[in-house]
Amino acid sequence: MSSITRERPSLDQWLKEAKAEETAGQCGMYLVHNGTVRETARAQVRQGQDRPAVTGMEFSFDREQVEQAMDEALQTEGIFCVKVWLNSGHLQPGDDIMMVLVGGDIRPRVADALFALVETIKTRCVVEKEQFDGEE
């Protein structure tokens, strides 16, 4: 089962819903990713470039592409539950960017599916523009 949630979910509620789904008996594990806006610039973290602190972020996503990515994740062997929530608009450091839940039969499959889904969302489905002091 997959769904994109409009309102920021409660992890407790998400897990309760996931465990009530028809496929819950096949799930031995659920993993959650909670991405947040950090103050350290992407270029600094990933490439070691000296950058000023991030003061905000403009974030948007393509719903159809996210739904396609979720469908692809559910095609993965052993994966039975996928839930995604994505924020949008102007975000501040510390704000949630996304939450992703994946449920499946065994740890390696669930971990790999969560990593692949988040990577797909981040590279194909969203637009993130970091903002720095003095930029509009």
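Condition (residue is over 14 Å from Lys122 (Cα atoms) and among the aromatic types (Phe, Trp, Tyr)) applied to the range 26-42: is it met by at least one residue?
yes
Got at least one residue in the range 123-133 being hydrophobic (A, V, I, L, M, F, W, C) and either in contact with a His (Cβ under 8 Å, 6 or more places away or on another chain) or modelled with pLDDT under 95 (or both)?
yes
Does Val102 meet the test of being of a type outside the set (Lys, Arg), touching a residue at least 40 places away in the same chain (Cβ under 8 Å) and within 30 Å of Phe132 (Cα to Cα)?
no
Regarding Arg109, is this residue without any contact (Cβ under 8 Å) to a residue 40 or more places away in the chain and in contact with a strand residue (DSSP E or B) (Cβ under 8 Å, 6 or more places away or on another chain)?
Yes: the conditions hold for Arg109.
Please tell me if Val100 is at pLDDT 95 or above and crowded, with 19+ Cβ neighbours inside 10 Å.
So Val100 passes the test.
Just to be sure I understand, how many residues within the range 106-136 are in contact with a Phe, Trp or Tyr (Cβ under 9 Å, 6 or more places away or on another chain), among the β-branched types (Val, Ile, Thr) and outside any helix (DSSP H, G or I)?
2
The values are calculated or read from the model by the stated rules, or taken from the named source; none is laboratory data. Keep in mind the model is a prediction, meaning the values are calculated, not measured. Heads up, the Cβs are rebuilt from the backbone with ideal geometry, glycines too, and the neighbour counts pull from every protein chain shown.
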